[in-house]
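Readers should treat all values here as calculations from the given coordinates under stated rules, not as data from a laboratory. Please read these numbers as outputs of a predicted model, since none were measured by experiment. Counting neighbours? That spans all protein chains shown, and the Cβs are built from the backbone with ideal geometry, glycine included.
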Amino acid sequence: MAEIRLEGLAHSYDGGKTFALNPISMTFEDGKAYALLGPSGCGKTTLLNIISGLLKPSHGKVFIDGKDVTNVITDDRNIAQVFQFPVLYDTMTVRKNLEFPLKNRKLGKEAIAARVEEIAGLLGLEDDLDRKPAKLRSDLQQIVSLGRGLVREDVSAILFDEPLTVIDQNFKWTLRNRLKRLHLATGVTVVYVTHDQTEALTFADEVLVMNKGSLVQDGTAESLFLEPQHEFVGYFIGSPGMNFLDVEAKSSILTHNGMEIGKAAKEGLNGSYRFGVRPEFLIPSAKSGLEFKVDRIEDRGVFKLVHLSKDDFKFIAKTEESYEAQVGGKANFSFDSERAFVYDTNQKAVSTVSPSSEGGN
Amino acid sequence: MDAKKKNNKAWFLVLPVVFVVAFTAIIPLMAVANYSLQDIQGADNRLFVGLDFFKRVATDPNVQDAFARNVTLSMQILLIQIPLGIFLARLMPKSGWKASAALVVVAIPLIIPWNVVGTTWRIFTRNDIGLGGVLVNKFTDYNLSESTFDAWATILVMDTWHWTPLVTLLVYAGLRSIPQAYYQAAAIDGASALAVFRFVELPKLKRVLMIALLLRFMDSFMMYTEPFVVTGGGPGSSTQTLSILLTTIAIGQFDIGVAGAFSLMYFLFIQIFSFLFFTVLTLDERPGATRVTPKEKVKSREKVEKPVNSKLKKVLK
Amino acid sequence: MSTLELKNIALHDGAEDVMYDISATMSSGINLLVGPTLSGKTTLMRLIAGLVKPSSGSIALDGADISNVAVKDRSVAFVYQQFINYPSLTVFENIASPLKVDKVKHSKEEIAARVEEMAKLLGLSPFLKRKPSELSGGQQQRVAIARALARKSDIVLLDEPLANLDYKLREQLRAELQSIFSEENAIVIYSTAEPSEALDFATNSFVMSEGRIIQAGKALDIYKQPVNVAAAKAMADPPINLLPSSYSNQRAIFANKEFQLERPEIIGKEISNFTLGIQPGKITLQPTGSNSIEFSAEVQLAEVTGSSTFVHVKFETGQEIVIEVEGTETFELDQRLKGYFNPDDLYGFDVNTGKSIFFPKGSVN
């Protein structure tokens, strides 16, 4: 169990011309679960490989429990890592595969056997222990891979690199659940890389959203959802993502093509901004708010997605399943003043927005 | 069914190959078989002798000695060249210009014609003017036309120089195709360098090594040109391979019948040995072996496999 | 409008049955094959493409039997989960490649025009001169899709085409694909293992399980009225909660809670036990009406996504269910909570066969 600290960490694969990972400094606290969330190529796997020591950073330092390990090899960092696709030793049975990391660390025979049984039980591999991995289905192979990452008890941290990519949807829920419980039970520091927001948000105590090699925002699932401090977080987290609209600000009054959208809480905003509100916080209202045309309503079983348009822009609202409206007709939607934001040209949130008092109220 | 009709059509595509093979292999082979069964005295004077020639070849002490020599030579070659090839391949740079340069250097012996190799080594090992011969003579008495050991060792070293690069290139290609993730996983698991080789590289190289083993076995078992040029099979008959002996019988003594029987047996031995070799090494890759099978099936197959394995091993011994 | 008709298709591999008695009618637009890994989606697509011959049964396109037509003579295009393009050809040449080998000769201008059109449709116009390796995963898959569409094939097969892409990119491409295929006359067959994807497309769906098509219909209708447990599972994300229950005198058991269950489907029938199903989103932490049933259970885990929280709870009986609540709720582990459900929202499945006995009320249209 350990605290991992990054200091001015950055990485360039081509000697400084371009950076796969821009300078980042942060601390992964002991015993917490972290998720690195972002699209492919955002630098999350690079960061993970630097932490595990598979990759030596071109800049900055890595500390584990206060000790500089930047130049320490993987084996001596005492870190477990699970990869995106099954990586197994073909000539060994499932049992031997699970024993391997323990044997390499010279554990006693009985301790190894007991631990392997335990992990196999946790992952539902009991019946397959004496089979060769090549004879298993690909999702089971990945679970064996996962087991090899989890089998060591003494690790400083476990790193997961999109471990559930090849796992079936329904089983993903079960596995995530088991992993989460295992984390709660062992209290080991976990770093989990994924592009799947549900996976990241449900698994981690803290989510680091990354884009183009930079850390964009970190926080709890709740704060990322409710208060996206960066346009990318608004777009990437939430399904569907945030609704955006270019606006002009004049003394903090926001307008789009002359139509008033709302008023920023922060005083004195002038110039070009973007207004953003999540579909969940566009709220049907009897009369207040903006009047939209209803283009389409998608019934998703437990909620509805209402596709709205007005002049030259489109919004999506996520409503209760009981919401009814005439497709092609008009409907009024307002927004929650704590949950609508205005972003500057650097895509950073500068203020919340309250619905304008005009607009039919 | 219609599907089957279509499949049958595909056989026609193989016809040209069958045709070519008929000319290059089957017809000559039939001719050889024809010679091996009759004693041809003259154009109109031939006598059917059945398997007499085969018996003669099988009991000929010269042939038996040459066979033993060839087996020893092939085994020594495999034991030296396969590990050495793997060792060299692992030393080769993985990328960049250095990798290309290393590939070119390693490949040089492979593009030299057999008899040129032989001639080069013939001169190289001369103890009056050859660089190698003179050099070795400084440390120990070296004379390949007098010492059996020197002649044998020279053949081994020469073949190793000539053909290890083939193993190296095959293994190098095999190593390059192992995904990086396997090495990373092994590092994470705390595997030693030896364990990485044993559990990651060797299993992934299995197919490539099998091909290398087969090629090197067949080539070395049929070795002719190099010993012929360097030692001429001597001193005595100490480096006389089956191929050299066969040529002596066929061309030197013009004993066509015996030579025919000899050729057929030679050919069949290599065929059967290679086939057995291949079968043993691919036992676990038979169709269906990779499919998800119910446990009972897997178990029962394992039961069947084991005796087969040990039987084959006995046969090979 | 064209139609593809599969009649009683079966496939055996040696003694093993791979596909059982598949009959389905697919028409222009997107047809979804939904089901977990190994349910037979890819095999069925390979059968339709002609890469595999069915052991029995027939395939007809617009009434004409194409069962015996070779792959190259069928008008099909196939897009795989992996991004498969010709690595040495440019994007332009990749998209043009099926047109060049087409039996109908196309002039250079025709090909160029069609490629431009496809590139525009899929947002590839700026990349036509690049090699596939110089594109992102999403762009590479767009090239593969453009190539599939370039020759106006009657049948376009997309085998989990978005599975290897980022979550967010999937959302975007899904929306694009829907608008692209709404303009094409092709019969598009699209396979997915993700329930949310099926609900997103909201189109004709075929649920597959263990080599059979077990249900056909609109995704939402299947979600509301699955024929059996497998269909319910294939359409629900988060997974549907299933609890074994006993039943007598209109009283049923929900884990540790006995309650009144009035369903005409089971009244008067000799059913003493069944499996109850309920969607995680239909369980609430506050009573929702007069017929809400209260139960209590222990919190095992709470997963917060921001927009909602998944609470995993466990009953004394050892059974576990998941509750999806709106917004962010925090719970102590092992804390007891009170949950509520409405018996009208319950599904009922046969214990042995998994067949549906009743559906949530109001789901009947």
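For the range C:34-39, backbone phi angles converted through the Karplus equation (6.51, -1.76, 1.60; θ = phi - 60°) give residue-by-residue couplings of 10, x, x, 3, 6, 7 Hz, Gly and Pro being listed as x. The range A:1-44 and the range B:84-123 have Cα centres lying 43 Å from one another.
When each of the peptides A:282-295, C:228-241 is scored by the mean number of other C-beta atoms lying within 10 Å of its residues, the order from highest to lowest reads C:228-241, A:282-295.
Once you sort the root eigenvalues of the Cα gyration tensor of the range C:241-358 as a ≥ b ≥ c, which label holds: rounded (a/c under 1.5), prolate (a/b larger than b/c) or oblate (the other case)?
Numbers: a/c = 2.07, a/b = 1.93, b/c = 1.07.
Here the range C:241-358 falls in the prolate category.
Going from the fewest other Cβ atoms within 10 Å to the most, the residues A:ARG131, C:ARG212 appear in the order C:ARG212, A:ARG131. The mean number of Cβ atoms from other chains found within 10 Å of a Cβ in peptide A:294-302 is 5, as a whole number. With Cα atoms defining each centre, the range C:158-180 and the range B:197-213 are spaced 40 Å apart in the structure.
For A:ASP295, the amide hydrogen comes within under 5 Å of the amide hydrogens of A:HIS307, A:LEU308, A:SER309, A:GLY328, counting only partners 5 or more places away or on other chains and with H modelled in the peptide plane. Between the beta carbons of C:THR317 and A:LYS287, assuming R0 = 60 Å, the FRET efficiency works out to 0.75 to the nearest 0.05. The amide H of C:TYR190, built 1.01 Å from its N in the peptide plane, has C:ASN31, C:LEU32, C:LEU33, C:LEU158 as neighbours under 5 Å, considering only residues 5 or more places off or on other chains.
The alpha carbon gyration tensor of chain B gives principal lengths a ≥ b ≥ c with a/c of 1.5 or higher and a/b no greater than b/c, which makes the shape oblate.
Helical runs (DSSP H, four residues minimum) scored at -39500 (n - 2.57) apiece and divided by the length of chain B put the mean residue ellipticity at 222 nm at -23000 deg cm²/dmol.
Could you tell me whether the protein assembly as shown comes out rounded, prolate or oblate from its Cα gyration tensor? Rule is a ≥ b ≥ c as square roots of the eigenvalues, rounded for a/c under 1.5, then prolate if a/b exceeds b/c, otherwise oblate. Intermediate results must be reported in sequence, preceding the final value.
Numbers: a/c = 2.08, a/b = 1.83, b/c = 1.13.
The shape class here is prolate.
Out of the range C:33-123, which trypsin sites (Lys or Arg not before Pro) are coil in DSSP terms and have no more than 12 other C-beta atoms within 10 Å? Passing sites in the range C:33-123 are C:LYS103, C:LYS105.
Straight-distance candidates among the aspartates and glutamates for linking to C:LYS100, with alpha-carbon spacing under 17 Å and chain neighbours fewer than 8 residues away dropped: C:ASP73, C:GLU109, C:GLU110, C:GLU116, C:GLU117. Here the Karplus curve 6.51 cos²θ - 1.76 cosθ + 1.60, taken at θ = phi - 60°, turns the phi angles of the range A:165-177 into couplings of 3, 9, 8, 4, 3, 5, 6, 3, 4, 4, 5, 4, 4 Hz, with x standing for Gly and Pro.
Order these by the 10 Å Cβ neighbour count, fewest first: A:ARG137, A:ARG274.
Working: A:ARG137 15, A:ARG274 19.
With the sparsest Cβ surroundings first, the list reads A:ARG137, A:ARG274.
Around the amide H of A:GLN81, modelled in the peptide plane, lie the amide H atoms of A:LEU159, all under 5 Å away and 5 or more residues distant in sequence or on another chain. Which angle between 0 and 90 degrees, to the nearest 10, do you get for helix C:108-121 versus the longest principal axis of chain C when only C-alpha atoms count? The angle comes out near 20 degrees.
Working note: 222 nm ellipticity from helices only, DSSP H runs with n ≥ 4, each -39,500 (n - 2.57), summed and divided by the residues of chain C, gives -7000 deg cm²/dmol to the nearest 500.
Would you mind putting B:16-25, C:137-146 in packing order, based on average other-beta-carbon counts within 10 Å, highest first?
Per-residue mean Cβ counts within 10 Å order the peptides as C:137-146, B:16-25.
Relative to a virtual label point 7 Å from the Cα of B:GLN76 in the Cα→beta-carbon direction, which members of the range B:146-177 show backbone nitrogen distances below 19 Å? In the range B:146-177, the label zone of B:GLN76 (backbone N under 19 Å from the point 7 Å along Cα→Cβ) covers B:146-165.
Need one number: % antiparallel among DSSP beta bridges in the range C:3-235, to the nearest 5.
Numbers: 21 of 40 bridges.
Of all bridge pairs located within the range C:3-235, approximately 50 percent are antiparallel.
The largest-to-smallest principal axis extents of the Cα set in the range C:75-129 are 30, 26, 22 Å.
With the cut-off at 20 Å, tell me which of the pairs A:LYS266/A:LYS287; C:LYS269/C:LYS355; A:LYS318/C:LYS282; A:LYS135/B:LYS94 have Cα atoms farther apart than that.
Distance filter (> 20 Å) returns A:LYS266/A:LYS287; A:LYS135/B:LYS94.
Could you list B:TRP152, B:TRP121 so that the one with the fewest beta carbons within 10 Å of its beta carbon is first and the one with the most is last?
So the residues, fewest neighbours to most, are B:TRP152, B:TRP121.
Roughly how crowded by other chains is peptide B:199-208, in terms of the mean Cβ count from those chains within 10 Å of each of its Cβ atoms?
Values: counts 8, 4, 0, 2, 4, 2, 0, 2, 0, 0.
Rounded to a whole number, the mean comes out at 2.
Within the listed set B:THR225, B:THR140, B:THR72, the residue fluctuating most in the Gaussian network model of chain B (springs between alpha-carbon atoms under 10 angstrom) is B:THR140.
Shown in residue order for the range B:237-246 are the 3J(HN,Hα) couplings computed by the Karplus curve 6.51 cos²θ - 1.76 cosθ + 1.60 at θ = phi - 60°: 10, 5, 10, 7, 7, 4, 4, 5, 4, 4 Hz (x for Gly and Pro). Approximating the spin labels as points 7 Å out from Cα along Cα→Cβ, the A:SER138-to-C:VAL104 distance works out to 3.5 nm.
Per residue, the average separation of C-alpha pairs within less than 8 Å and at least 6 apart gives the range C:14-125 a relative contact order of 13 percent. Compactness ratio for chain A: Cα radius of gyration over 2.2 N^0.38 Å (N = residue count) comes to 1.18. Over 31 Å between Cα atoms: which of A:LYS348/C:LYS129; B:LYS206/C:LYS53; B:LYS204/C:LYS152; A:LYS61/B:LYS206; A:LYS293/C:LYS168; A:LYS180/A:LYS263 fall into that group? Long pairs (Cα-Cα over 31 Å): A:LYS348/C:LYS129; B:LYS206/C:LYS53; B:LYS204/C:LYS152; A:LYS61/B:LYS206; A:LYS180/A:LYS263. Per residue of C:163-172, other chain Cβ atoms within 10 Å of the residue Cβ number 5 on average.
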